[in-house]
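Notes follow the structure.
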Amino acid sequence: MGPKARDLLQPLTATDLSNSAFPFGMIKEISINGFACRALRMSYVGELGWELYVPAGEAESLAKALERSGASYGLRYAGFHAMNSLRLEAGYRHWGHDITGEDTPLEAGLGFTISWDKPGGFIGREALLPSKGKVPTKRLIQIRVEDPDLLTYHDDPIFKNGNLVGRTTGGMWSVTENRCLTMSYVGNENGVSKAWVDEGEWEIEIGMRRRKVTASVESFYDPRHERVRN
């Protein structure tokens, strides 16, 4: 994962990794440095990247091949907390924190994933249809805590104009923003539109203290998600 992922991988495979030949969302069976693997053009960190799937017994050898190729690009291993920070910057949802069985795709801002005309339908389609095309009264939005000394992880109250409208779902420090980022489901009986989110004063309560936050329906990093499609 990273802006140089294509440059790093291309010398190791005969498969064309260009954007036109291997676009975002595609999966192919390819050979990387002699290892047969499935390569998925997908990212959970908001940058260009591929997920590589190989038999467990070959994973270490492939990783070492990638280390050698990536040395000149400053390749480093990253852990879960780094990935959590990056996915929050990019606005990617986490199952169990930001999305659960109690939330609909429309409320989670994932309406683009719904195949309304899928042959045979899907479980929950009839329950979801009345919400199609409407502004949801509950919606997951992005939150940036403006006080750089505060951290939020989950379940902290979110206020708009002094009124409790939601609670955070999960958070992590953002190096890019130099502040803590989180998400929150917020509610408004007249609909949680972009205009409604962009107006008014937003606050978070952490440790019995209320502090200013910036609310947004778009991610704070690359809101058009152009980098992953580069």
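Here are the numbers:
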read-out	value
Which numbered condition Asp155 misses (of (1) over 23 Å from Lys212 (Cα atoms); (2) more than 16 Å from the chain's Cα centre (by Cα); (3) among the acidic types (Asp, Glu))	(1)
Helices (runs of 4 or more DSSP H) contained entirely in segment 44-136, each with at least 2 residues that are in contact with a Phe, Trp or Tyr (Cβ under 6 Å, 6 or more places away or on another chain), surrounded by 13 or more Cβ atoms within 10 Å (Cβ to Cβ) and modelled with pLDDT of 95 or more	80-90
Conditions (1) surrounded by 13 or more Cβ atoms within 10 Å (Cβ to Cβ); (2) within 29 Å of Phe80 (Cβ to Cβ); (3) out of contact with any helix residue (DSSP H, G or I) (no Cβ under 8 Å at 6 or more places or on another chain); number of the one not met by Glu177	(3)
Qualifying residue in segment 213-226 (condition: surrounded by 18 or more Cβ atoms within 10 Å (Cβ to Cβ) and of a type in the set (Lys, Arg))	no
Single match in Arg93, Arg144, Arg87 (criterion: in contact with a His (Cβ under 9 Å, 6 or more places away or on another chain) and under 30 Å from Gly207 (Cα atoms))	Arg87
Selection within segment 27-40 - within 21 Å of Arg87 (Cβ to Cβ) and either surrounded by fewer than 19 Cβ atoms within 10 Å (Cβ to Cβ) or in contact with a Gly (Cβ under 6 Å, 6 or more places away or on another chain) (or both)	Ile27, Leu40
Pick from segment 125-134, criterion within 24 Å of the chain's Cα centre (by Cα) and not charged (D, E, K, R), ranking: farthest from Ser193 (Cα to Cα)	Leu128
Filter result for the condition that a residue is within 24 Å of His94 (Cβ to Cβ), surrounded by fewer than 19 Cβ atoms within 10 Å (Cβ to Cβ) and either in contact with a Pro (Cβ under 6 Å, 6 or more places away or on another chain) or without any contact (Cβ under 8 Å) to a residue 24 or more places away in the chain (or both), over Glu199, Glu205	Glu205
Test: Ser31 is closer than 16 Å to Asp7 by Cβ and among the polar types (S, T, N, Q)	no
Test: residue in segment 211-228 that is free of Cβ contacts under 8 Å to residues at least 60 places away in the same chain, touching a Phe, Trp or Tyr at 6+ places or on another chain (Cβ under 9 Å), assigned to a strand (DSSP E or B) and on the phi < 0 side of the Ramachandran plot	no
Residue within segment 48-63 that is touching a residue at least 60 places away in the same chain (Cβ under 8 Å) and either in contact with a strand residue (DSSP E or B) (Cβ under 7 Å, 6 or more places away or on another chain) or within 22 Å of Glu177 (Cβ to Cβ) (or both) present	yes
Pick from segment 137-167, criterion farther than 13 Å from Thr182 by Cβ and basic (Lys, Arg), ranking: surrounded by the most Cβ atoms within 10 Å (Cβ to Cβ)	Arg139
Qualifying residue in segment 90-111 (condition: outside the structural domain of His154 (by TED's automatic domain parsing) and under 15 Å from the mean Cα position of the chain (by Cα))	no
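The values are calculated or read from the model by the stated rules, or taken from the named source; none is laboratory data. Just so it is clear, the model here is predicted, and its values are computed rather than measured. With ideal geometry, Cβ positions are generated from the backbone for all residues, glycine too; neighbour counts draw on all protein chains shown.
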